[in-house]
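The values are calculated or read from the model by the stated rules, or taken from the named source; none is laboratory data. None of the values given here were measured: they were computed from a predicted structure. Heads up, the Cβs are rebuilt from the backbone with ideal geometry, glycines too, and the neighbour counts pull from every protein chain shown.
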Amino acid sequence: MGTSDDLLGIIFESATILNGQRTPEQRIALEATTVLVGDGGRLDSLGLVSLLVMIEEAVEDKMGGECSLVDTLFNENSEDRIWTIADLVENISNELEAS
């Protein structure tokens, strides 16, 4: 499996693609601390789902593993949680290790 740096690279690549489809004001910063969901989140629901699907596909293609970010972010226990890019890296890493 890949490292956290590999996962961060995949997320940044996916976010760069998404940013290309958004206005400058809507773009997300390519930083581990960027809040995606929750207070201060930079993505609407369509942007979030688009980003998560791109990340899931890239993880499968580049790392040979599967992760289900949509299920994780939208389960009943994460209702009020703030999610950053670093949280996605940790979540994907945990899922890949468990599989």
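Brief remarks on what is shown
- Checking each residue in region 29-49 for being in contact with a helix residue (DSSP H, G or I) (Cβ under 8 Å, 6 or more places away or on another chain) and assigned to a helix (DSSP H, G or I) picks out Gly47, Leu48, Val49.
- Qualifying residue in region 57-76 (condition: aromatic (Phe, Trp, Tyr) and in contact with a helix residue (DSSP H, G or I) (Cβ under 9 Å, 6 or more places away or on another chain)): no
- Selection status of Leu18, surrounded by 17 or more Cβ atoms within 10 Å (Cβ to Cβ) and either at pLDDT below 95 or assigned to a loop (DSSP other than H, G, I, E, B) (or both): no
- Restricting attention to region 70-99, the residues that are within 23 Å of Gln26 (Cβ to Cβ) and either modelled with pLDDT of 85 or more or in a loop (DSSP other than H, G, I, E, B) (or both) add up to 10.
- Yes/no for Ser4 being surrounded by 13 or more Cβ atoms within 10 Å (Cβ to Cβ), hydroxyl-bearing (Ser, Thr, Tyr) and without any contact (Cβ under 8 Å) to a residue 60 or more places away in the chain: no
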